[in-house]
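Shown next, in C-alpha cells, is the structure this report addresses.
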Amino acid sequence: RAQLPELPDEAFLIEPGRRGTAHCIIFALDYIARHHDKDEPIAFIHSDHNVRDLAGFARSFATAGKISNKNNEIVLIGIEPTFPSTGFGYIERDGVLDEDAGVYNVESFKEKPDFETAVEYVRSGNYLWNCGYFVGSVNTFLNELSQSAPELEKNYSLLAAIAEHGSDEYNAAYLSLDNQVIDIALIEKAKSLAVVSARFDWMDIGNFKDLHDVVVKDEENNYFKGENIHPIEVDNVYVRNEESDKPVAIIGLDNVVVVNTPDGILVARKDVSARAGEVAKKLQK
C-alpha cells in the first residue's frame, strides 16, 4: 500500500496467512468471481521483477489474454533466453499456435539446469526462461482445476461456499488449508498450456545484488536509502537504514549490502546476499 498509494484499499487482497501460491491464487480467483466477469482474463505477475520495456510487457500479456480466451487454456509468458542462465527454470516449447504472435504449445518444464545443460537449451532454440507469469480467466482456471488438480478444486469450492469473502469464517477455512505451490499443484499437471515468447527487458530481482543493479546510484556506484547513514571511503555498496534514530557507519568497504531494520541487521557481500533467505528460514524455526 505504501508503494501504491493511488490504489484504494479494496484493490488489495491480503491472505489471512501464508498458504503457498496455489491457495493464494484460488483466494484471488474466488474474490474476482464474486465481483467481476468470470470470463475476463487475469494475469498473475510476481511483484519483485523489474521490467523496463513496459510496452513490450503489455503486448505480451494482451496476446496471452487473447489466446487464453480463444482456446480456454492457461497461457504462460516465457522470456527468450539471452545467455545460458542456471538461475531460471525453462519452458520447452513444441508446436506453433501463432507464429506471428510468437505463441507455442508447452511441451515440458525443466528445473534450474547446470551450466552445460543451460548451454544446450539455449543452443537448441526450443526453450524459454520460465518467469512464473500466467494468464487465464476464472472459468479457464476452474476448468483446469477440475481436470488436473481436484484437491485445489475442492478447496476453491470450500471457500466459494462461504457467504462473505474475508469474514472470520472464511479466514478460518483458508487457514485450514495446507501450503502448496501453484507450479507443482496445477501448472505442471495441466492438460493443455500455451506460452507466449516474449523479448521485453526483464529481471527477476531475487537478491540484493540484483536490486543494487536496478536502483539509481551515485558516482561511486553506491546506493543509500534512509537517514543517519555515514559512509567513508566506500564503493559499490547498498545501504538502507530504516531507523533514523540509529546511526549506521560504513568505512572502507566495497561490494557489500548493509540493511538495518527494527527486526534485525544484515551485513553481507552482495554476491552471496541471496543466502539471506537461509538465515531467515533458521530464524523462523
Cβ-Cβ under 7 Å pairs, at least 6 apart or on other chains, the range 201-222 side under 23 Å from Asn130 (Cα atoms), far side among the small types (Gly, Ala, Ser) and surrounded by 13 or more Cβ atoms within 10 Å (Cβ to Cβ)
Gly206/Ala274; Asn207/Ser273; Asn207/Ala274; Phe208/Ser273; Lys209/Ser273
Under 8 Å between Cβ atoms, at least 6 apart or on separate chains: pull out the pairs that start in the range 79-94 with a residue that is closer than 12 Å to Val106 by Cβ and modelled with pLDDT under 90 and end on any residue that is hydroxyl-bearing (Ser, Thr, Tyr) and part of a strand (DSSP E or B).
Asp94/Tyr104
State whether the residues of the range 88-101 include one that is surrounded by 18 or more Cβ atoms within 10 Å (Cβ to Cβ), closer than 30 Å to Arg34 by Cβ, of a type in the set (Asp, Glu) and in the same structural domain as Phe44 (by TED's automatic domain parsing).
no
Quick one: in the range 118-140, which of the residues that are hydroxyl-bearing (Ser, Thr, Tyr) and either within 30 Å of Asp39 (Cβ to Cβ) or surrounded by 15 or more Cβ atoms within 10 Å (Cβ to Cβ) (or both) is modelled with the lowest pLDDT?
Tyr133
When the range 211-232 is examined, which residues are found to be more than 26 Å from the chain's Cα centre (by Cα) and closer than 19 Å to Ala268 by Cα?
Glu220, Asn221, Asn222, Gly226, Ile229, His230, Pro231, Ile232
Looking at the range 21-41 only, could you name the residues that are crowded, with 16+ Cβ neighbours inside 10 Å and more than 19 Å from Leu159 (Cα to Cα)?
Pro41
Working carefully through the options Ser176, Ser197, Ser146, find the one that is farther than 30 Å from Val256 by Cα and surrounded by 13 or more Cβ atoms within 10 Å (Cβ to Cβ).
Ser197
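The values are calculated or read from the model by the stated rules, or taken from the named source; none is laboratory data. This one's a predicted model, so the numbers in the text were calculated from it and none came from an experiment. All Cβ positions, even for glycine, are placed from backbone atoms using ideal geometry, and neighbour counts span all protein chains on display.
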